[in-house]
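Novice: Got a structure for you, questions after.
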Amino acid sequence: RNGCPDQDGDGYSDPDSTWTTANGADAFPTDDTQWVATDGDGYGDNPPPATTGDACPSTNGESDQDRYGCVDTDGDGFSDPDSGWTASNGADAFPSDATQWVDSDGDGYGNNASGNNPDACPSQYGTSTEVGRLGCADSDGDGYADVDDAFPNEGTQWADSDGDGFGDEASGFQGDACPNTPGTSTRDRFG
């Protein structure tokens with residue numbers, strides 16, 4: 001409309017009781033970098049450097065951390081990944097878990113220490129699965145992180161309660177027959 005109030009000076013008139021955004025009034029009357037939000041999510045269609053430019057202008061979305069206005073299934077602020085925007089770009093590495101969104105080392109455990117299944121070693125890829133130290137190096141693949149494993153290179157043993165060098169798992173390699181009493185026997189029984 002010509003000759004109507006335009007408080008941000010972007011050329012689009014401010015909405016009023018007779019002229020709404022549905023008619024073409026400025027959806028952002030105090031922001032001269034935006035004037036329309038096609039998908040109605042509150043983020044403007046003009047891309048950056050415009051203020052809060054909608055990265056997904058034809059899809060209504062609520063993401064506001066990695067990019068504005070894209071689908072955010074779990075509501076944590078990080079957009080779901082898509083064919084043009086992956087976790088390596090900043091999309092949510094865990095789109096179904098609102099407590100995690102980044103996985104720096106790509107091992108499947110999130111960086112947020114207070115979230116679900118937190119990575120105890122977020123900057124080092126790891127496969128340990130025992131609760132308390134998820135996502136750390138596990139050389140023998142037994143689930144226990146090397147730093148907690150009394151036998152980091154033997155997958156059938158991980159604990160040695162009595163410290164005698166024989167593992168607590170009786171069915172594992174050289175299983176300790178007396179796991180709570182240190183011993184050196186090796187012929188009929190170990191430990």
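The values are calculated or read from the model by the stated rules, or taken from the named source; none is laboratory data. On a predicted model such as this, the values are computed, not experimentally measured, just so you know. Neighbour counts are summed over all protein chains in view; Cβ atoms, including those assigned to glycine, are modelled from backbone coordinates with ideal geometry. For accessibility, only protein heavy atoms count, side chains too; no ligands or nucleic acids. Shrake-Rupley method; radii C 1.70, N 1.55, O 1.52, S 1.80 Å.
Novice: In region 158-191, which residue that is open to solvent by less than 40 Å² (accessible area, probe 1.4 Å) and small (Gly, Ala, Ser) is farthest from the chain's Cα centre (by Cα)?
Specialist: For region 158-191, the residue satisfying everything is Gly183.
Novice: Give the residue that is most open to solvent (accessible area, probe 1.4 Å), with candidates limited to residues of region 8-49 that are in contact with a Phe, Trp or Tyr (Cβ under 7 Å, 6 or more places away or on another chain) and over 19 Å from Gly69 (Cα atoms).
Specialist: We begin by selecting, within region 8-49, every residue in contact with a Phe, Trp or Tyr (Cβ under 7 Å, 6 or more places away or on another chain); these are 10, 12-13, 25-28, 34-35, 37, 43-44.
If we keep only those that are over 19 Å from Gly69 (Cα atoms) too, we end up with 10, 12-13, 25.
On the way: Asp10: 28, Tyr12: 90, Ser13: 7, Ala25: 4 Å².
Checked region 8-49; the qualifying residue most open to solvent (accessible area, probe 1.4 Å) is Tyr12.
Novice: I'm told Ser79 meets every condition in (1) open to solvent by less than 40 Å² (accessible area, probe 1.4 Å); (2) within 30 Å of Asp140 (Cα to Cα) except one. Can you identify the failing condition by its number?
Specialist: (2)
Novice: Moving on to the next point. What's the total number of residues in region 116-157 that are farther than 22 Å from Gln100 by Cα, open to solvent by 60 Å² or more (accessible area, probe 1.4 Å) and of a type in the set (A, V, I, L, M, F, W, C)?
Specialist: Qualifying residue count, region 116-157: 1.
Novice: Taking Gly40 and the conditions (1) modelled with pLDDT under 95; (2) within 26 Å of the chain's Cα centre (by Cα), which numbered condition does it fall short on, given that it satisfies the others?
Specialist: (2)
Novice: To continue, here is another question. Of the residues that make up region 167-186, is at least one closer than 25 Å to Gly108 by Cα and among the hydrophobic types (A, V, I, L, M, F, W, C)?
Specialist: Here is the first cut: in region 167-186, the ones closer than 25 Å to Gly108 by Cα are none.
Checking region 167-186: not a single residue is closer than 25 Å to Gly108 by Cα and among the hydrophobic types (A, V, I, L, M, F, W, C).
Novice: Here is a further query. Mind checking whether some residue in region 61-72 is open to solvent by 50 Å² or more (accessible area, probe 1.4 Å), assigned to a loop (DSSP other than H, G, I, E, B), of a type in the set (S, T, N, Q) and under 30 Å from Gly143 (Cα atoms)? Write out each step before concluding.
Specialist: Restricting attention to region 61-72, the residues satisfying the condition of being open to solvent by 50 Å² or more (accessible area, probe 1.4 Å) are 62, 64-65, 68, 71.
With assigned to a loop (DSSP other than H, G, I, E, B) added as a condition, the list becomes 62, 64-65, 71.
Keeping just the survivors that are of a type in the set (S, T, N, Q) gives 65.
Keeping just the survivors that are under 30 Å from Gly143 (Cα atoms) gives none.
No: region 61-72 contains no residue that is open to solvent by 50 Å² or more (accessible area, probe 1.4 Å), assigned to a loop (DSSP other than H, G, I, E, B), of a type in the set (S, T, N, Q) and under 30 Å from Gly143 (Cα atoms).
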